[in-house]
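Down below is the structure, laid out as structure tokens.
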Amino acid sequence: MDKVTQATIIGIDVSRDWLDVHCLPSNQRRRLPNTDKGHEQLTEMALFERALVCFEATGGQEWRLWAALDSAGIATRQLPPAQIKAFAVSRGTRAKTDRIDAELIARFMVFRPDAGRDLPHEKIRLLRALTSKRGQLVETRKRLLAQIKARGKLGSADLFKAMDGELKGLLDQQVAELEMQIEQVIAADENLNAAADILRSVPGIGPVASTMLIAEMPELGLINGEQAAALTGLAPIAHDSGAMRGKRAIGGGRRLLRHVMFQAALVASHHNPVLKVFADRLRAAGKPHKVVITAVARKLVTIVNALVTSGQNWHPQLD
């Protein structure tokens, strides 16, 4: 990630209806509507100031604004909310309003000029939207199945059998349709298709994991293994002080991707010939199951990153 070169930083707290703006170093504040008109006003302001515009990831509220700014040639960064929250704590900022959040975002960008990520290209954004919706439907289906099982234990399953069956059938159909759309987006782009082929050549990485890696980590193949592990939140974090050596833990990173990689690691630890040996060695050393799966997931991420970098399909001897 390149460092900030602009003298002016615009921090934005993005909500459904409003854009709360804080401009540094002038400390100018504005509130604009989160509409096309508001995006135009912000674009004019950013172009006039030759500013870098930054904002938190907000679950999609920022995407239309981000695309509008990027199309106007304005430098933009999406920042991790956890880092903004930690920055607020470090400053002793306890109050929380949209105006305060906008200022914190701007000041964090000055403090950490290498932070955040640039706008992914349009097909990556489309993939991310499709995978996000698929994940929501899969989670809804999982809850439905849990409810059906619970009603079975209570003896009331027959009461809702037809309704539950119809709803499950609808969810199955919608998930299948989304998976077809995802495959079509990947197949239509030469680079995405090549990356998917490389990823799926690794035992343990299936269609869901490969798509999530492409959609959630477009940096794949452009960074080193340690950076890839950190982006997925799989890098061990030290907790040492003086002579004390604390327990290492993982955290941060891109949560949705990390959860998918845990599932891929479960498969890889039994069916990938290289990672199975690795996992068995950890088990033999008495490592807990969670530690084993986390280590396998981390190794899996570094392997796929190296493969995408080299443009080669997986082979056991490459590890």
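Exactly one residue among 166, 179 is touching a residue at least 40 places away in the same chain (Cβ under 8 Å) and out of contact with any strand residue (DSSP E or B) (no Cβ under 9 Å at 6 or more places or on another chain), and that residue is 179. Checking each residue in region 17-39 for being open to solvent by 10 Å² or more (accessible area, probe 1.4 Å) and under 17 Å from residue 105 (Cβ atoms) picks out 18, 24, 25, 26, 27, 28, 29, 30, 31, 34. Considering region 121-168, the residues that are under 19 Å from residue 195 (Cβ atoms) and of a type in the set (D, E, K, R) include one that is modelled with the highest pLDDT, namely 134. Against the numbered list (1) farther than 26 Å from residue 304 by Cα; (2) surrounded by 16 or more Cβ atoms within 10 Å (Cβ to Cβ); (3) at pLDDT 90 or above, residue 186 comes up short only at (1). The set of residues in region 218-235 that are among the small types (Gly, Ala, Ser) and more than 14 Å from residue 80 (Cβ to Cβ) comprises 221, 225, 228, 229, 235. Scanning region 141-171 for residues that are open to solvent by 50 Å² or more (accessible area, probe 1.4 Å) and under 32 Å from the mean Cα position of the chain (by Cα) turns up 141, 142, 143, 145, 146, 147, 148, 149, 167, 168, 170. Does region 98-111 include one or more residues that are in contact with a Lys or Arg (Cβ under 8 Å, 6 or more places away or on another chain) and under 23 Å from residue 217 (Cβ atoms)? Looking through region 98-111, at least one residue is in contact with a Lys or Arg (Cβ under 8 Å, 6 or more places away or on another chain) and under 23 Å from residue 217 (Cβ atoms).
Within region 59-107, if we keep just the residues that are open to solvent by 40 Å² or more (accessible area, probe 1.4 Å), closer than 18 Å to residue 42 by Cα and polar (S, T, N, Q), the residue that is farthest from the chain's Cα centre (by Cα) turns out to be 71.
The sole residue among 52, 47, 42 that is modelled with pLDDT of 90 or more, surrounded by fewer than 17 Cβ atoms within 10 Å (Cβ to Cβ) and either in contact with a Gly (Cβ under 9 Å, 6 or more places away or on another chain) or over 21 Å from residue 215 (Cβ atoms) (or both) is 47.
The residues on offer are 176, 209, 215, 196, and the sole one that is modelled with pLDDT of 90 or more and either open to solvent by 60 Å² or more (accessible area, probe 1.4 Å) or in contact with a Ser or Thr (Cβ under 9 Å, 6 or more places away or on another chain) (or both) is 196.
Matching residues to (1) among the polar types (S, T, N, Q); (2) in contact with a Pro (Cβ under 8 Å, 6 or more places away or on another chain):
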{"site": "8", "(1), (2)": "yes, yes"}
{"site": "15", "(1), (2)": "yes, no"}
{"site": "18", "(1), (2)": "no, yes"}
{"site": "31", "(1), (2)": "no, no"}
{"site": "48", "(1), (2)": "no, no"}
{"site": "69", "(1), (2)": "no, no"}
{"site": "85", "(1), (2)": "no, no"}
{"site": "90", "(1), (2)": "yes, no"}
{"site": "109", "(1), (2)": "no, no"}
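The values are calculated or read from the model by the stated rules, or taken from the named source; none is laboratory data. Keep in mind that this is a model prediction, so the values were computed, not measured. Cβ coordinates were reconstructed from backbone atoms using ideal geometry, including for glycine residues, and neighbour counts include every protein chain displayed. Accessible surface is based on the protein model in full, side chains and every heavy atom, while ligands, DNA and RNA are left aside. Shrake-Rupley method; radii C 1.70, N 1.55, O 1.52, S 1.80 Å.
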